[in-house]
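The structure appears right after this line, and notes come after that.
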Amino acid sequence: MDSNTDAQRMEKIVSLCKRRGFIFQSSEIYGGLNGVWDYGPLGVELKRNLKNYWWRVMVHERDDVVGMDGSILTQPAVLRASGHMEGFADPMVDCLLTGKRFRADQLEPQQGWVLNFIGAVDFDSFNSLVKEQNFPERSAIWSRVDLAPLLRQIFTNSSWHVDEKRRIGYCHLHDQFVERKEALRALIAERIFSASSLQPFSAMDIVGDRNSVTLSDARQVNPAIIVAQEFYRKRGIRNPVVMLTNLQWTEHSTRYNPENGSLLTRPREFNLMFKTRTGPVEEFDQSAMAVSAVGATGPAAPIAPVTASAAESFAQTAGTSVIAEDTSPAATTEDASVAYLRPETAQSIFVQFKNILEVSRKKLPFGIAQIGKAFRNEINPRNFTFRSREFEQMELEYFCRPQRGMELLEYWKEERLKFYENIGISRDNLHVRNVLDEERAFYSKGTYDIEYDFPFGRQELEGVAYRTNYDLKQHQDQSKKSLEYFDEESKERIIPHVVEPSAGVDRTVLALICEAYAEDEAPDEKGNMETRTLLRFHPRMAPIKCAVFPLLKNKEPLVAKAKEIVNLLRPHMFVFYDEAGAIGRRYRRQDEIGTPFCVTVDFETLGEKNPALRETVTLRDRDSMQQERVAIRELVNILTSRLH
Ligand code: GAP
């Protein structure tokens, strides 16, 4: 499938998700909240089916795994020990023109002509100088002996283009950039220009001819010049003439915005954790100020929080010691009230390791499983729910002796691949990437990424990592509480190692929807072929398992029988009753949301035509569209056997 078709496919999937109530943008009626999603009536069923199946396979069907449900609000000490405080950051760059933020490591390297500018001056001043240079004796500026040499520095051996109509232009200074910049600086100091800037800027021509740059054609000003004009306009020069120096052919560069060519800032590290506060901190003015800085989504400009040094200077002026005696509200509330929304569920498993070990009395190897929300202030949430700021994880920490780490890494990789196949994801669309040494966390001895072929490319669904005993060791060192395990075999105390399969609920839901989305041909009511959109969910995952229809809604015995069947099936599965519209339309509506089975109650069910068919219904299969006649008393058995 080519990329255009893939983009169209993704668009159709997103639109179906909204139209049929799988996924909506969060806070949509207020303009939405970027990177945050709400699941509608069908989405929540799909998500629950996935989580329940994961829990069944990973916890209930095993003797060696127990579950837990940890809190989202997390003590800073936990995240300091885990390394999230220091190291959980992405490099971030901003577009100097639009302010749009990008993850530096996700920018595709580009090539093109880069145009460098030393500044800009306002059009009217520049245009007057251009016009007056031929008659210097009549010009108040050109005639000045102190200014003329400076002006000649700018205008000799330069080329310029000014657009009188739009009052905009550029001046290409071909050489002697240092001297010319100094001349420009001196002219600006003499207030020759009514507006000016000496802020350097550069832009890449991302749309122009890759082999030659047209600068002088009035009809076709280079796009990088237009970007530069916009840059200086935003810095207060309403009608800028931009001062261009050199042009460089540049390859493999990630310094420019791929959308407009503008220069980006240098990468800065941006911590992805959401900080918040516990307790009634808003009582105090200063802390309230800090609250406005936290809880913001997206890499917002930091508002100075109440810092230790602020508290310290307060204490010093008051002649007290910060540590022992400062009781100012700012100092006492700051540290104690700060908490973080957890960036992964794993840490609460490590922190509760000892408690769970004691209560469960498990022996190595054993695991602790958890499903829950995690939060990351992603710089660029994208690809629908794929990269969100609020999402759910399904994580298992499987503790073992060090000797078994690598073997269990292989074991869990295979188990997890089986899991995906069992929920209906084809093995052909799953890929295992052996994460390279240089990409892996320093403490991991081996990591696999399980990837899926999404319409927007091959991307990670789950990581399976052998994390050694790094996490437990860190928490033991920092908390000063023993997290050791007494190994009865070796009669030694050890800090267990761990293998972690960590999957994303939302990513897997998205993969399930992408995998299931299909279009085929089916006859309409009149027998004409039409395109049918369907979701071929594995019955295990399908939000609604069976839809029940009376053939006609105005025939009471048909309606009563259909409702009787709904009540019969309801204890076993999620059933949907529908009597509205032609039967063909009702089938289509169910196909589109992935309901694998439809049961129709017709006149045969009532035994009106053939008494032998009394108490039978048609059972229609979504994928084959085949219908079979089955006895109502068999229905529960038939359906449950096909659902699991
Ligand atoms: N405890 C290990 C850990 O959290 P991770 O690779 O950062 O590892 C594990 O995350 C999984 O969580 C990913 O494979 C992905 O499925 C999901 N995930 C991570 N960040 C996500 C995001 N911003 N949006 C949606 N899912 C995300």
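The values are calculated or read from the model by the stated rules, or taken from the named source; none is laboratory data. These numbers were taken from a predicted model, which means no experiment stands behind them. Every residue, glycine among them, receives a Cβ derived from its backbone with ideal geometry; neighbour counts consider all protein chains shown.
Selection within the stretch 4-34: residues that are of a type in the set (A, V, I, L, M, F, W, C) and part of a loop (DSSP other than H, G, I, E, B). The member of this set that is nearest to the chain's Cα centre (by Cα) is Leu33.
The residues of the stretch 259-284 that are in contact with a strand residue (DSSP E or B) (Cβ under 6 Å, 6 or more places away or on another chain) and closer than 28 Å to Lys234 by Cβ, listed by number, are Gly261, Ser262, Leu263, Leu264, Thr265, Pro267, Arg268, Glu269, Phe270.
What about Asp428, is it acidic (Asp, Glu) and away from the ligand (no atom under 11 Å from the Cβ)? Spelling it out, Asp428 is indeed acidic (Asp, Glu) and away from the ligand (no atom under 11 Å from the Cβ).
Scanning the stretch 494-517 for residues that are out of contact with any Cys (no Cβ under 8 Å at 6 or more places or on another chain) and in a helix (DSSP H, G or I) yields Val505, Asp506, Arg507, Thr508, Val509, Leu510, Ala511, Leu512, Cys514, Glu515, Ala516. Considering the stretch 71-95, the residues that are touching a Ser or Thr at 6+ places or on another chain (Cβ under 8 Å) and part of a strand (DSSP E or B) include one that is nearest to Ser444 (Cα to Cα), namely Thr74. Note on the stretch 518-579: enclosed strands (runs of 3 or more DSSP E) holding 2 or more residues that are within 26 Å of Gly424 (Cβ to Cβ) and modelled with pLDDT under 95 are 529-535.
Residue-wise test of (1) within 23 Å of the chain's Cα centre (by Cα); (2) among the aromatic types (Phe, Trp, Tyr); (3) more than 19 Å from Phe375 (Cβ to Cβ).
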{"residue": "Val36", "(1), (2), (3)": "yes, no, no"}
{"residue": "Tyr39", "(1), (2), (3)": "yes, yes, no"}
{"residue": "Lys47", "(1), (2), (3)": "yes, no, no"}
{"residue": "Trp54", "(1), (2), (3)": "yes, yes, yes"}
{"residue": "Gly83", "(1), (2), (3)": "yes, no, no"}
{"residue": "Phe88", "(1), (2), (3)": "yes, yes, no"}
{"residue": "Phe102", "(1), (2), (3)": "yes, yes, yes"}
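A Cβ distance below 6 Å, combined with a sequence gap of six or more or placement on separate chains, defines the contacts here; from the stretch 455-466, residues that are farther than 13 Å from Asn429 by Cβ reach residues that are away from the ligand (no atom under 13 Å from the Cβ) and assigned to a strand (DSSP E or B) in the pairs Tyr466/Gly446. Report the residue count in the stretch 393-411 for those that are buried (at least 21 other Cβ atoms within 10 Å of the Cβ) and touching an Asp or Glu at 6+ places or on another chain (Cβ under 8 Å). Count: 5. For the stretch 499-517, the count of residues that are more than 16 Å from the ligand (Cβ to nearest atom), closer than 30 Å to Val630 by Cα and aliphatic (A, V, I, L, M) is at least one.
State yes or no: is Ser348 surrounded by 21 or more Cβ atoms within 10 Å (Cβ to Cβ), of a type in the set (Ser, Thr, Tyr) and either at pLDDT 95 or above or farther than 30 Å from Asp90 by Cβ (or both)? Before the answer, list the steps.
Details: surrounded by 21 or more Cβ atoms within 10 Å (Cβ to Cβ): yes; of a type in the set (Ser, Thr, Tyr): yes; either at pLDDT 95 or above or farther than 30 Å from Asp90 by Cβ (or both): yes.
Taking the combined requirement at face value, the residue satisfies it.
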